[in-house]
Each structure stands twice: as structure tokens, then as C-alpha cells.
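What follows is a set of notes on a single structure, which appears directly below.
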Amino acid sequence: MNENLNLVEILKDCQKGTKLYSTIYGDVELGEVRLNDNAYPIEIKIGEGSDMICDTTNDGRLLDEFPGECTLFPSKDQRDWSKFNVKKHRFDPKTFQPFDKVLVKRGDENYHLWFPDFISFPPNDVDETVLCMTTDDVDMVIPYNEETKHLIETNDDAPEFYRYWED
């Protein structure tokens, strides 16, 4: 075990919903990792399909005020974070359906801005091209949702999970 455990560094690239284990709550899911929260940066969801959450310290303790031990682990049987492999998942544009709300960026990424659009024809096994309602040749297209809506009219990078074009 690592005495200087920093779960923020380990979990920051994990997908929301990653299955973990808590010695207090049993099976849990990763909610989010807040890089700017010094006290309780790791949110876990307690119970399958539940809205109950618990925040933990960067070393997996429930309370920052007490010198307890880590209560958050990769699984019930795996209590060693050094053996935890982060699987980076990427968005698959083949999951788009006609009329899905998306953000689109075309051409030179240093110049163009994200703008809203709808999927017209999603990519498939034969043709990787994404066709949208207002433009037919897009370089970058990502779902429009709570994680991406702030990108409208910016030239900012898409969240890493959605950058399938970097594979």
C-alpha cells in the first residue's frame, strides 16, 4: 500500500460510474473527481441506481478531521491502488442517432468555434462521415449535454472523453 495515496491523481481520468468498493458502503460508483476541491474531492454514489452520494478525501477517508484509514478501494478483493489500471474510455460517434443534439467544429481548430447542430446521418460501419443538419462535412462533433454546453461559441477543447478524433 502507498502511504502517500492520492486518489485524485489515480481517479481523475476514470469514467463517471466506474465501479469501486467502500468498506463502509459496499459497492459504489465513482461520481466525479473535483480537481479544485482540497477537502473532499472524490464523490462516490452509494447503491446502484441511487441518488445518495458521499464525498471522500483525496486519500479515501470519510472525514478529513480524523486520522482514519482509506475506506475506498478498486474492489472488495483488490485493496491495492498501485494495481488499479485506469481504462480510458472514449466516446464512440457511432452511437449518434438522427436528430441527436450535438456541438460541431469544422476546419482549422485554431479558428473555428463550437456551434449547435443536429445529427442528420450518423457514422456507420461503412462510412465514418458524420453528417449534420446544417453542415455535411464536420471534423469534430460531440454530444450537446451538461458537460459540453459551455463550449458553445468558444474554441475550447472538448472534454477528453469526447475526443475520439485523437485516437
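The values are calculated or read from the model by the stated rules, or taken from the named source; none is laboratory data. Treat the numbers as computed from the prediction; the structure is a model and nothing was measured. Cβ coordinates were reconstructed from backbone atoms using ideal geometry, including for glycine residues, and neighbour counts include every protein chain displayed.
Inside region 148-167, residues that are farther than 16 Å from ASP92 by Cβ, in a loop (DSSP other than H, G, I, E, B) and not hydroxyl-bearing (Ser, Thr, Tyr) make up a count of 4. Within region 22-59, work out how many residues are in contact (Cβ under 8 Å) with a residue 40 or more places away in the chain and in contact with a helix residue (DSSP H, G or I) (Cβ under 6 Å, 6 or more places away or on another chain). Qualifying residue count, region 22-59: 1. Only residues that are more than 20 Å from PHE99 (Cβ to Cβ), more than 16 Å from the chain's Cα centre (by Cα) and not charged (D, E, K, R) were counted across region 152-166, and they come to 3. Residue pairs whose Cβ atoms lie under 6 Å apart, sitting 6 or more positions apart in sequence or on different chains, and linking a residue in region 113-134 that is touching a residue at least 40 places away in the same chain (Cβ under 8 Å) to a partner that is part of a strand (DSSP E or B) and surrounded by 11 or more Cβ atoms within 10 Å (Cβ to Cβ), are TRP114/LEU103; TRP114/LYS105; TRP114/ILE152.
I'd like the full set of residues that are surrounded by 14 or more Cβ atoms within 10 Å (Cβ to Cβ) and at pLDDT below 90, limited to region 33-49. Result: ASP37, single match. Selection of strands (runs of 3 or more DSSP E) fully inside region 1-47 by the criterion of at least 2 residues being charged (D, E, K, R) and closer than 23 Å to ASP77 by Cβ returns 26-33. Looking at region 1-12, can you tell me whether even one residue there is more than 17 Å from the chain's Cα centre (by Cα), touching a residue at least 12 places away in the same chain (Cβ under 8 Å) and surrounded by 13 or more Cβ atoms within 10 Å (Cβ to Cβ)? Within region 1-12 (the criterion being more than 17 Å from the chain's Cα centre (by Cα), touching a residue at least 12 places away in the same chain (Cβ under 8 Å) and surrounded by 13 or more Cβ atoms within 10 Å (Cβ to Cβ)), the answer is yes, since at least one residue qualifies. Taken over region 58-73, the residue count meeting the criterion of being part of a loop (DSSP other than H, G, I, E, B) and either in contact with a Gly (Cβ under 9 Å, 6 or more places away or on another chain) or modelled with pLDDT of 95 or more (or both) is 5.
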